[in-house]
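A short worksheet on the structure shown next.
The values are calculated or read from the model by the stated rules, or taken from the named source; none is laboratory data. Since the model is a prediction, treat every value here as computed from it, not as a measurement. Glycine gets a Cβ as well: all are built from the backbone with ideal geometry, and neighbour counts include every protein chain shown.
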Amino acid sequence: MFLKIFSFILISSLVHVSLYPLFAVDTYYNFPEVSIKGEATFEKKRKICVFPLRTSQKDPKFQYLSKGIPSVLVSELRTLEFIYVEYPHQEVIYHSFGKNPQYSMQELVDKKGEGIKRKKKEISSEADLEDLRKGKKSVSPSQDPRYVKVELKLLTEIKPPFAEDIYAHAAKYECDYSLTGDFAASESKLNVNIELFDVYEGKVQKFSEETSFIRAYQELTPLGERIRFALQGKETTLVQVEAQGLDSCLVYLDGIYLGKTPVTSKKFPIGKRELFVFKEGYFPYKQSVILEQGKTFYLDVKLVKIENTSFLSVKTVEEGADVFLGVTYLGKTPLEKVSIPAGANRLRVSKQGFVDAFRPVNAKPGENSIFEIQLREGKSEIYYPNKQYVFLDYSYKDFATYSLYGSLFFYASYLYLNVASRRAYEDSRSQINLVNATSIVNFYNGNTTNEFLGWYFYQTQLIEAAESKAQTLKHMAGTLPTENRRDRKLVGGPMVYGMGFMLLAAATFFWLGLDEESYDIGFLPYTPQGGAGNQQLPNGKSNLDSYSYIQYNYRF
């Protein structure tokens, strides 16, 4: 009876010990009261693979069209930044759990993170997407998962595929759409048949075009437009944008460049879009617009000129040099306190017989930016393409690369000499018999004194020769600290010195090749306080001038 009572107490204690951590974790995290609303992430990108075209013609003079026609179609499709997919694929699905799921995991984290503002995800589930389809929600294309980015991949190095090979190629190259087909050419005309495969849906769309052979590439434009329209997946409408008579303003819709004002008869998919108009010297214009089916969109925007609130002074040793700020001509040197717009820009000083000089400008309101420049004699068109050249057609970067290759050569020699040093010992071991005192005594007892002395000196000579060869090879190689087991110090040798010299030369040539004028210098848009579409950030900067400020520091 006593044993039963003791066993019951022991088992109860063990059960308590085993279950207590579960109760503690459950109490800490309060799992029964936690509810998480499900959400999903949608696909961000689809790849369009363009393959060579098939042909039954054996005439070699037409074979180049197998790769040439796809290249032309790719050039027509490059303006296709996105496609519209009514039912995009869900990449990751987080299921709901709990009694009353109201917030997603990210919403709970944002709710608890006081003072931390994060970009809200408008569409985070299939239910949100359905509301978007029914018109209950409205978001910009950048937040709409139905607008999927497009990646074009031209694959001209493979054999033109047949229809039955498309899915195998799509799996190999990770294609969502595959574009292939066939052509037939003669001296007077060209017939092109294109097959557009939707790998996921298993659908095929076919297109045909007949052109003259001489102007085939130019006349393939309508074919490219039809393919682009089929991929866009949405109706298009005409877009016309002007800037109240102001020419050469850059016009963008959803980040896609449409052209310079006046923009006329440009087709674009219908829906809510973001219009952006920019011209140097003016505040950028940004507006959300709606493109409707069957209606031509026309807008005449008014750009506000940026007032000059900063100043610029430029002096050169050679007077009379032309000064440009961005693409705006300011005059000839010396310039004293010329009014310019505030912001990040680039300065160009040019004079006949001298190399153009470029300088970054970060003009601040009310301040005078002063530059004193000494021009180099020469020609810009010769200097800038060749300024990096050190010897003939080899630049600093070339010498830096070759120096790295040289260090690899010395390292390979270092490894070879170390292996050869060890091999010198290994090769001599098979010829040496007198390796310890016992073998020496046995050999002495079994032979005469002269035979013993002769054999002993011969064995000693073999050992000394092997040691001499091994040490010579080791001295030529040197020893790196990682392989020096004695004191982890560097032991010099020609190969080690060669490696160090080549690495130092590579770093030196790379440093000599760094030049701010070698970078791509261009105008960086800058919107002072109060510009159109300008939002204030906590640090006092605007969204546009902060972006420009980062680029400015990065480039120079």
Review point. Only one of these conditions is not met by Gly255: (1) in the same structural domain as Gln293 (by TED's automatic domain parsing); (2) on the phi < 0 side of the Ramachandran plot. Which number is it?
Key: (2)
Check your understanding: Residues of segment 454-505 being among the basic types (Lys, Arg), under 50 Å from the mean Cα position of the chain (by Cα) and part of a helix (DSSP H, G or I), which ones?
Key -> Lys474
Review point. If Val150 satisfies every condition in (1) within 30 Å of Glu219 (Cβ to Cβ); (2) out of contact with any strand residue (DSSP E or B) (no Cβ under 9 Å at 6 or more places or on another chain) but one, which is the exception?
Key: (2)
Review point. Does Tyr257 count as modelled with pLDDT of 85 or more and assigned to a strand (DSSP E or B)?
Key: no
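For (1) surrounded by 15 or more Cβ atoms within 10 Å (Cβ to Cβ); (2) modelled with pLDDT of 50 or more, each residue gets a yes or a no:
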| residue | (1), (2) |
| --- | --- |
| Asp487 | no, yes |
| Phe509 | yes, yes |
| Tyr526 | yes, no |
| Asn553 | no, no |
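Residues are listed down the side, and each one gets a yes or a no for (1) within 30 Å of Ser66 (Cα to Cα); (2) basic (Lys, Arg); (3) assigned by TED's automatic domain parsing to the domain that holds Ser339; (4) more than 30 Å from the chain's Cα centre (by Cα):
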position: Cys175; (1), (2), (3), (4): yes, no, no, no
position: Tyr200; (1), (2), (3), (4): yes, no, no, no
position: Ile270; (1), (2), (3), (4): no, no, no, yes
position: Leu275; (1), (2), (3), (4): no, no, no, no
Check your understanding: Quick one: how many residues across segment 239-255 are surrounded by 16 or more Cβ atoms within 10 Å (Cβ to Cβ), under 16 Å from Leu291 (Cβ atoms) and under 29 Å from the mean Cα position of the chain (by Cα)?
Key -> 4
Review point. So which residues in segment 440-480 are modelled with pLDDT under 75 and either of a type in the set (A, V, I, L, M, F, W, C) or touching an Asp or Glu at 6+ places or on another chain (Cβ under 9 Å) (or both)?
Key: Ile440, Val441, Phe443, Phe452, Leu453, Trp455
Review point. Can you name the condition, by its number, that Lys305 falls short on among (1) farther than 26 Å from Leu250 by Cβ; (2) within 39 Å of the chain's Cα centre (by Cα); (3) among the basic types (Lys, Arg)?
Key: (1)
Exercise for review: Can you tell me which residue within segment 78-121, out of those that are of a type in the set (Gly, Ala, Ser) and more than 17 Å from Glu39 (Cβ to Cβ), is modelled with the highest pLDDT?
Suggested key: Gly113
Study note, to complete from the structure: By residue number, the members of segment 178-210 that are crowded, with 19+ Cβ neighbours inside 10 Å and out of contact with any Gly (no Cβ under 6 Å at 6 or more places or on another chain) are Ser178, Leu179, Thr180, Gly181, Phe183, Ala185, Leu190, Val192, Leu196, Phe197, Val199, Glu209
Exercise for review: Looking only at segment 236-253, count how many residues are part of a loop (DSSP other than H, G, I, E, B), of a type in the set (D, E, K, R) and within 14 Å of Tyr285 (Cβ to Cβ).
Suggested key: 0
Practice item. From Lys272, Lys337, Lys267, grab the single residue that is under 30 Å from Gln205 (Cα atoms), in contact with a Ser or Thr (Cβ under 6 Å, 6 or more places away or on another chain) and assigned to a strand (DSSP E or B). Key: Lys267
Practice item. Select from segment 186-203 the residues that are free of Cβ contacts under 8 Å to residues at least 40 places away in the same chain and among the aliphatic types (A, V, I, L, M) and write down the one among them that is farthest from Lys58 (Cα to Cα). Key: Val199
